[in-house]
Amino acid sequence: MSPEANLQTVHKYFDACNTGDLDALMSTLDADVVHYFLPEIHKPIRGGEHLARYWRKFHIVFKPVWRIDHALANGDEVVVEWSCAYLPRGKQDRMMFRGIDWNLLKAGRIAEIRAYYQYDESRDCELTGFPYRQRGYLSKDAQQPVKRGRANTPAPFA
């Protein structure tokens with residue numbers, strides 16, 4: 001698949017994470033996908049159906065709003081910087097965490113995700129002093145995904 005097609009697959013995956021739609025999630029995932037997480041409390045998730053069900057449950061519990069803020073694609077790899085505004089259990093105010101996913105695709109489906117982020121439900125997890133709002137990043141008061149438009153996503157590098 002082309003880098004552009006792989007980038008579209010990752011965008012479709014994030015769109016499906018925003019809806020919790022199992023079929024849409026499954027359509028982006030290789031049957032043997034492995035999702036690795038940086039925080040030790042999250043063990044790797046193996047298998048497309050298992051990962052799709054994980055994100056559906058995450059969607060139901062935390063009502064997240066995910067957005068890809070930047071993306072780069074090269075061959076079968078897509079790297080995205082993302083933002084997620086979510087509602088912790090028992091809280092009324094959204095929290096924010098941000099990170100980077102390194103995606104490896106096989107035959108147009110995501111076969112591996114390495115997620116690099118910090119997660120702490122007691123505080124927002126963001127770069128200290130970074131001007132997120134001024135640069136148009138997702139804010140934690142977002143109620144629905146705000147698409148920057150795929151045209152604004154940087155072109156794949158060669």
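Every read-out reported here was derived from the displayed coordinates using simple, explicitly stated rules and does not represent laboratory data. Source: prediction; values computed, not measured. Cβ: placed from backbone, ideal geometry, glycine included. Neighbour counts: every protein chain shown.
Worth pointing out:
- One equal scatterer on each Cα of region 1-133, no solvent, Debye formula: the resulting log10 I(q)/I(0) at q = 0.10, 0.22 Å⁻¹ is -0.30, -1.47.
- Pairwise Cα distances in region 1-40 exceed 15 Å for 50 percent of all pairs.
- Loop-located trypsin sites (Lys or Arg not before Pro) in region 1-103, at most 16 other Cβ atoms within 10 Å (DSSP): 89, 91
- Ordering of 104-117, 32-45 by burial proxy (mean other Cβ atoms within 10 Å per residue, highest first): 104-117, 32-45
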